[in-house]
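What follows is a short report on a single structure.
Bear in mind that the values in this text are calculations on the coordinates, not laboratory data. Keep in mind the model is a prediction, meaning the values are calculated, not measured. Glycine also receives a Cβ, built like all others from the backbone with ideal geometry; neighbour counts cover every protein chain displayed.
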């Protein structure tokens, strides 16, 4: 007797982003070392580079645990009280590379806010972390002074995940969704998935959606079905 498929509600999960859930590997050890040494950042600033889903936000939260930093999206910085932020002493600006996606007026305002915060935090001897998918030299800023300032920021790049990191991330992502992740399942998924942390997030979301819809646990047959369906599997 077949079971009817359950309607899947689009409910966001809350990933674990603390230090205890951060897995150290060759691709991120240099970045983690700099984060841990945040009191000694040259000029008090650090920029973490890496593709979407590489772990930039997780590292930002690891640092925020240590420094009580405030975490903000660079595209919304124009709405903030910049002197008050600078006085806080520790700030993360995420998605610096998204500034060019804003409408021109909003983009100029956001860039001016970043420039203002950058200068004020230097004067206050605060600590500023920035994250971006690409180096600042590749971002087309409308504010020349901001582009010039960012050329002096210390950069560290998150590399491609190795097998150890990717398998650990799969287990973590499944635990975030309260899914069992037996070793045999992880071993089955590893050679059949795209080799990125973003791909791991998407795959686990599809596994979760299929498990909920079919009212079955995540098994190798279910995983095989999801992989064969590809991106057509609805996400939860």
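Take the residues of the stretch 143-156 that are loosely packed, with under 15 Cβ neighbours inside 10 Å and in contact (Cβ under 8 Å) with a residue 24 or more places away in the chain: which is nearest to residue 51 (Cα to Cα)? Write out each step before concluding.
Here is the first cut: in the stretch 143-156, the residues loosely packed, with under 15 Cβ neighbours inside 10 Å are 144-145, 148, 151-152, 154.
Still in the list and also in contact (Cβ under 8 Å) with a residue 24 or more places away in the chain: 145, 152, 154.
Details: 145: 26, 152: 21, 154: 18 Å.
Among those that are loosely packed, with under 15 Cβ neighbours inside 10 Å and in contact (Cβ under 8 Å) with a residue 24 or more places away in the chain, it is 154.
Can you spot a residue in the stretch 74-83 that is within 20 Å of residue 115 (Cβ to Cβ), touching a residue at least 24 places away in the same chain (Cβ under 8 Å), in contact with a strand residue (DSSP E or B) (Cβ under 7 Å, 6 or more places away or on another chain) and surrounded by fewer than 18 Cβ atoms within 10 Å (Cβ to Cβ)? Steps first, answer last, please.
Restricting attention to the stretch 74-83, the residues satisfying the condition of being within 20 Å of residue 115 (Cβ to Cβ) are 74-83.
Now drop any that are not touching a residue at least 24 places away in the same chain (Cβ under 8 Å), which leaves 74-78, 80, 82-83.
Next cut, in contact with a strand residue (DSSP E or B) (Cβ under 7 Å, 6 or more places away or on another chain) only: 74, 77, 80.
Now narrow it down to the ones that are surrounded by fewer than 18 Cβ atoms within 10 Å (Cβ to Cβ): 80.
Taking every residue of the stretch 74-83 in turn, at least one turns out to be within 20 Å of residue 115 (Cβ to Cβ), touching a residue at least 24 places away in the same chain (Cβ under 8 Å), in contact with a strand residue (DSSP E or B) (Cβ under 7 Å, 6 or more places away or on another chain) and surrounded by fewer than 18 Cβ atoms within 10 Å (Cβ to Cβ).
In the stretch 121-142, how many residues are surrounded by 18 or more Cβ atoms within 10 Å (Cβ to Cβ) and over 18 Å from the mean Cα position of the chain (by Cα)?
Adding up the residues that qualify gives 5.
Which members of the stretch 21-45 meet the condition of being surrounded by fewer than 15 Cβ atoms within 10 Å (Cβ to Cβ) and over 18 Å from the mean Cα position of the chain (by Cα)? Steps first, please.
Applying the first criterion (surrounded by fewer than 15 Cβ atoms within 10 Å (Cβ to Cβ)) to the stretch 21-45 yields 24, 26, 29-30, 33, 36-37, 39-40, 42.
The answer is 37, 39, 40, 42.
Going through the stretch 174-210 one residue at a time, which ones are more than 17 Å from residue 162 (Cβ to Cβ), in a loop (DSSP other than H, G, I, E, B) and touching a helix residue (DSSP H, G or I) at 6+ places or on another chain (Cβ under 8 Å)?
177, 179, 180, 181
Could you check how many residues of the stretch 205-230 are surrounded by fewer than 17 Cβ atoms within 10 Å (Cβ to Cβ), under 12 Å from residue 188 (Cβ atoms) and within 26 Å of the chain's Cα centre (by Cα)?
Counting residues in the stretch 205-230 that are surrounded by fewer than 17 Cβ atoms within 10 Å (Cβ to Cβ), under 12 Å from residue 188 (Cβ atoms) and within 26 Å of the chain's Cα centre (by Cα) gives 1.
Could you list, in sequence order, the residues of the stretch 36-65 that are in contact (Cβ under 8 Å) with a residue 40 or more places away in the chain, part of a helix (DSSP H, G or I) and more than 18 Å from residue 172 (Cβ to Cβ)?
38, 39, 42, 43, 44, 63
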